[in-house]
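Quick one: this structure, given as structure tokens, is what I'll be asking you about.
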Amino acid sequence: ETGVTQTPRHLVMGMTNKKSLKCEQHLGHNAMYWYKQSAKKPLELMFVYNFKEQTENNSVPSRFSPECPNSSHLFLHLHTLQPEDSALYLCASSPTFGSLGETQYFGPGTRLLVL
Amino acid sequence: KNEVEQSPQNLTAQEGEFITINCSYSVGISALHWLQQHPGGGIVSLFMLSSGKKKHGRLIATINIQEKHSSLHITASHPRDSAVYICAVVGSNTGNQFYFGTGTSLTVIP
């Protein structure tokens, strides 16, 4: 039990669909992250929220829209995605987004396929 | 070129063998993480290092800051150790930017 849950675990969507990924953590952490993991590529950090405020946005296309309503929940809203967006999307949390690189706790991921 | 390089990319070992996975990085760091990813996707953090050596069960992680190199060792390997092992560093001059290696896929055969 990692303490970080993600739903759905698998998602197939067409390029014109709108869907949302959900992440929830019960660890009392204040920082939450979205990562993208494509085959044969390093993990890519997409978004960071610290105390519900977005602190990082690594040049992610606007078809990905994050939302952090509180410290325990993080969403990734998806619209008009492309087939190359098919990947594993991982959520993580840590106590804070601090200078010592605190240990992050990862969820199981959502496997996304865009057709 | 990726800021974090891991070797080997793929590794197959017999049960009981001693395993070493290497990580080299090119940026100044405040910390280095070793992560384990099992089939299905979930990632578990194994170690966070900023200097020296840490040990947890059969796993040992070392880091040499001067040489910008870290190693993950697995003693008496077991099939349940089969996973992808990812090295990640936190840049010290880049606003806590995380850099990830592409991972080492380990298969331990009974």
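Name the single residue that is surrounded by the most Cβ atoms within 10 Å (Cβ to Cβ) among those in the stretch A:29-71 being more than 15 Å from A:D85 (Cβ to Cβ) and touching a residue at least 60 places away in the same chain (Cβ under 8 Å).
Applying the filter and picking the extreme gives A:M32.
I need a count of the residues in the stretch B:22-57 that are crowded, with 20+ Cβ neighbours inside 10 Å and touching a His at 6+ places or on another chain (Cβ under 6 Å).
Here the count works out to 0.
Still on this structure: Considering only strands (runs of 3 or more DSSP E) fully contained in the stretch A:1-114, which possess at least 1 residues that are acidic (D, E) and in contact with a strand residue (DSSP E or B) (Cβ under 8 Å, 6 or more places away or on another chain)? Please lay out each step first, then the result.
On the way: elements: A:4-7, A:10-13, A:18-25, A:31-37, A:44-50, A:53-57, A:64-70, A:73-79, A:87-94, A:110-114.
Because the criterion is at least 1 residues that are acidic (D, E) and in contact with a strand residue (DSSP E or B) (Cβ under 8 Å, 6 or more places away or on another chain), the strands (runs of 3 or more DSSP E) in the stretch A:1-114 that meet it are A:18-25, A:44-50, A:53-57, A:64-70.
Has the stretch B:71-79 got any residue that is over 20 Å from A:V48 (Cα atoms), in contact with a Cys (Cβ under 8 Å, 6 or more places away or on another chain) and assigned to a strand (DSSP E or B)? Even if it seems obvious, please write down each step before you answer.
Taking the stretch B:71-79 and keeping what is over 20 Å from A:V48 (Cα atoms), we get B:71-79.
Subset that is in contact with a Cys (Cβ under 8 Å, 6 or more places away or on another chain): B:71-72.
Restricting the remaining residues to those that are assigned to a strand (DSSP E or B) gives B:71-72.
Yes: the stretch B:71-79 contains one or more residues that are over 20 Å from A:V48 (Cα atoms), in contact with a Cys (Cβ under 8 Å, 6 or more places away or on another chain) and assigned to a strand (DSSP E or B).
From the residues in the stretch B:60-71 that are touching a strand residue (DSSP E or B) at 6+ places or on another chain (Cβ under 6 Å) and of a type outside the set (G, A, S), which one is nearest to the other protein chains (Cβ to nearest Cβ)?
Pass one, the stretch B:60-71, residues touching a strand residue (DSSP E or B) at 6+ places or on another chain (Cβ under 6 Å): B:60-63, B:68-71.
With of a type outside the set (G, A, S) added as a condition, the list becomes B:60, B:62-63, B:68-69.
On the way: B:I60: 18, B:T62: 17, B:I63: 13, B:K68: 15, B:H69: 17 Å.
Per the criteria, the residue is B:I63.
Continuing with the same structure: Give the number of residues within the stretch B:58-110 that are in contact with a Lys or Arg (Cβ under 7 Å, 6 or more places away or on another chain) and open to solvent by 10 Å² or more (accessible area, probe 1.4 Å). Before the answer, list the steps.
So in the stretch B:58-110, the residues in contact with a Lys or Arg (Cβ under 7 Å, 6 or more places away or on another chain) come out as B:60-62, B:74-76, B:102.
Filter once more, so that each one left must be open to solvent by 10 Å² or more (accessible area, probe 1.4 Å): B:60, B:62, B:75-76, B:102.
Result for the stretch B:58-110: 5.
Determine whether the stretch A:3-20 contains at least one residue that is within 13 Å of another protein chain (Cβ to nearest Cβ) and free of Cβ contacts under 8 Å to residues at least 12 places away in the same chain.
Within the stretch A:3-20, none of the residues are within 13 Å of another protein chain (Cβ to nearest Cβ) and free of Cβ contacts under 8 Å to residues at least 12 places away in the same chain.
Which residues, counting only those in the stretch A:46-56, are within 10 Å of chain B (Cβ to nearest Cβ) and more than 10 Å from the chain's Cα centre (by Cα)?
Across the stretch A:46-56, the qualifying residues are A:N50, A:T55, A:E56.
Suppose we filter A:L43, A:L76 for residues that are more than 11 Å from every other protein chain (Cβ to nearest Cβ) and aliphatic (A, V, I, L, M); which single one remains?
Just a single option satisfies the conditions, and that option is A:L76.
State the number of residues belonging to the stretch B:2-15 that are away from chain A (no Cβ under 12 Å) and open to solvent by 50 Å² or more (accessible area, probe 1.4 Å).
Here is the first cut: in the stretch B:2-15, the residues away from chain A (no Cβ under 12 Å) are B:7-8, B:11-15.
From what is left, the residues that are open to solvent by 50 Å² or more (accessible area, probe 1.4 Å) are B:7, B:12, B:14-15.
Here the count works out to 4.
The values are calculated or read from the model by the stated rules, or taken from the named source; none is laboratory data. Note that the coordinates shown come from a computational prediction; the quantities given were computed from them, not determined experimentally. All Cβ positions, glycine included, derive from the backbone under ideal geometry; neighbour counts span all protein chains shown. Only protein heavy atoms, including side chains, enter the accessible area calculation; ligands, DNA and RNA are left aside. Shrake-Rupley method; radii C 1.70, N 1.55, O 1.52, S 1.80 Å.
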